[in-house]
């Protein structure tokens with residue numbers, strides 16, 4: 001993926017040329033990832049929450065998931081492109097995240113539609129994050145960090161996904177109790193439940209993204225900190 005020019009030397013060159021040599025800390029990347037992707041995820045869950053039945057009837061289940069993936073990808077750039085060091089990051093982020101999230105969404109959808117339930121969700125998360133991590137580390141010239149980046153993405157993703165499912169289930173049961181006791185269905189409560197799943201998923205996955213982008217650019221930060229390659233930078237996994 002040299003065409004993205006996200007190798008350490010290219011990142012450092014653009015950062016110096018734009019006088020953006022300072023880099024964000026790990027904590028800053030995690031916070032940006034968590035808050036930014038939380039907002040993106042709420043919007044990404046909205047097609048399912050607000051128009052899921054209609055989409056399912058008109059374009060099918062795959063079409064509904066595709067609509068959600070388009071929202072995720074479209075809104076990710078403005079909120080998350082600063083996870084990449086230096087200048088000229090928006091377009092590059094869109095290309096990189098589009099490829100990574102597209103591979104993730106495809107792997108998850110196949111696993112979910114084949115296996116369903118918690119098993120399908122878990123296998124989908126694992127296969128999806130494996131694909132996304134591989135694309136990220138290849139783009140940043142950090143192939144040696146594939147296992148580390150996969151673990152970060154998978155852990156954040158899984159915690160957010162299953163915590164969100166638990167919260168959604170709790171709120172849905174409250175609505176079911178209202179329906180059973182008073183015969184009143186509250187569609188707004190169902191929508192809130194679905195969007196809360198999106199919020200939890202976004203925070204968890206966003207933490208994983210923040211960590212992944214931070215570690216993928218370890219060599220670029222080393223170059224910027226000393227003004228050029230060093231012995232310590234040479235020892236960092238590629």
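FYI, it's all coordinate maths here, none of it is from the lab. What you see is a predicted model; the values in this text were computed from it and never measured. Because the Cβ atoms are built from the backbone with ideal geometry, glycine has one as well, and the counts that use them run over all protein chains shown.
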Please verify whether residue 141 is touching a residue at least 40 places away in the same chain (Cβ under 8 Å) and part of a loop (DSSP other than H, G, I, E, B), treating the condition exactly as stated.
yes
When restricted to 75, 55, the only residue within 30 Å of residue 10 (Cα to Cα), buried (at least 18 other Cβ atoms within 10 Å of the Cβ) and out of contact with any strand residue (DSSP E or B) (no Cβ under 7 Å at 6 or more places or on another chain) is 75
Quick check on my filter: what residues within segment 1-13 are out of contact with any helix residue (DSSP H, G or I) (no Cβ under 6 Å at 6 or more places or on another chain), surrounded by 14 or more Cβ atoms within 10 Å (Cβ to Cβ) and within 17 Å of residue 98 (Cβ to Cβ)?
5
Restricting to segment 14-34, give me the number of residues that are surrounded by 17 or more Cβ atoms within 10 Å (Cβ to Cβ) and part of a helix (DSSP H, G or I).
7
Checked pairs for segment 69-95, first in contact (Cβ under 8 Å) with a residue 24 or more places away in the chain, second surrounded by 16 or more Cβ atoms within 10 Å (Cβ to Cβ) and not in a helix (DSSP H, G or I), C-beta under 6 Å and 6 or more apart or across chains, list as 85/23; 85/217
I'd like to check something: does segment 113-123 contain any residue that is surrounded by 19 or more Cβ atoms within 10 Å (Cβ to Cβ) and assigned to a helix (DSSP H, G or I)?
no
